[in-house]
Amino acid sequence: MLSTPHLMVGAAIVRSIPNPYISLPAAFLSHFLFDFIPHWDFSVSLKPNHLIWVLVDYGIGLSLVYLLSFGERDQALILLGGTVATLPDFILGGWKVLEISILNIPPIKSLNNFHQNIQNRVSIFWGSLISIITILVSVYILVK
């Protein structure tokens, strides 16, 4: 799934569950649930045009979370929740693309293998539709 829906879901979880000892792990775990749901995303690579789109996607998601949580007492925690929800992709990218050796230890390697195996990619049309629905539900949770 693209970063924007992951960021929005993580933020919505933290907004709904203000206890960070519960909401931050839930935001992290939500990443795997939403990668299991049919989705579309970019392939993992270091190609310049790929990196630009990944940064644009992340920037849009982070900006939405920032704007929708503006003025909230727990805005920093909400932003953190969104970011934590994207951590599995950073860990996977660091292991797979950047080949960071510390990420090759057995627990992280197992997590990355699990993460790769649960991907449920579909066409851009259906994946985008699911992402839009995910974002809209998250927006509703963030603004209520």
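Please work out which option in [x] 15.2, 49; [y] 14.8, 43; [z] 23.1, 65 gives Rg and Dmax of the Cα atoms in Å calculated from these coordinates, and answer with its label.
From the options [x] 15.2, 49; [y] 14.8, 43; [z] 23.1, 65, the structure gives [y].
Residues of the stretch 94-108 with amide nitrogen under 17 Å from the 7 Å Cα-to-Cβ point of residue 43?
96-98
Can you check what the net charge comes to around residue 66, using other residues whose Cβ is under 14 Å from the Cβ of residue 66 (Lys, Arg +1; Asp, Glu -1)?
On the way: positive: 15; negative: 72, 74.
Neighbourhood net charge equals -1.
How much length would be gained if the chain were fully extended between residue 33 and residue 108, taking 0.36 nm per residue of separation minus their Cα-Cα distance, in nm to one decimal?
So the extension gain works out to 25.2 nm.
Relative to the longest principal axis of the C-alpha atoms of the chain, give the angle of the C-alpha long axis of helix 87-96, reported between 0 and 90° and rounded to the nearest 10°.
That works out to roughly 10 degrees.
Run the helix sum for the chain: -39,500 (n - 2.57) per DSSP H stretch of 4+ residues, divided by residue count, reported at 222 nm to the nearest 500 deg cm²/dmol.
-23500 deg cm²/dmol
Quick one: dipole size for the chain, taken about the Cα centre, charges +1 on Lys/Arg Cβ and -1 on Asp/Glu Cβ, in debye to the nearest 20. It would help to have the intermediate numbers written out before the result.
Working: 7 positive and 7 negative charges, 15 e Å.
Magnitude of the dipole: close to 80 debye.
Which order do the peptides 134-144, 111-121 take when ranked by the mean count of other beta-carbon atoms within 10 Å per residue, highest first?
134-144, 111-121
Based on the mean of other beta carbon atoms within 10 Å per residue, what is the order of 20-32, 73-85, most packed first?
In descending order of packing, they fall as 73-85, 20-32.
Ranked from highest to lowest mean number of other Cβ atoms within 10 Å per residue, what is the order of the peptides 96-105, 6-15?
6-15, 96-105
Length gain on complete extension for the stretch residue 100 to residue 129, per 0.36 nm per residue less the alpha carbon to alpha carbon distance? Please list the in-between numbers first.
Working: separation 29, 0.36 × 29 = 10.44 nm, distance 3.40 nm.
Difference between extended and current length: 7.0 nm.
Taking only Cα atoms, what is the 0 to 90° angle, nearest 10, from helix 48-68's long axis to the longest principal axis of the chain?
Taking Cα atoms only, the helix is inclined about 20 degrees.
For a quick check: with amide H placed at 1.01 Å from N, whose amide H comes under 5 Å from residue 121's, ignoring anything fewer than 5 positions away on the same chain?
Those qualifying (amide H under 5 Å, at least 5 residues apart or on another chain) are 39.
If a/c stays under 1.5 just call it rounded; otherwise compare a/b with b/c (prolate if a/b is bigger, oblate if not). Do that for the stretch 65-144, with a ≥ b ≥ c from the square roots of the Cα gyration tensor eigenvalues.
oblate
Read the figures in this text as sums done on the coordinates, not as results from a lab. As the structure is a prediction and not an experimental result, all values here were calculated from the model. Glycine also receives a Cβ, built like all others from the backbone with ideal geometry; neighbour counts cover every protein chain displayed.
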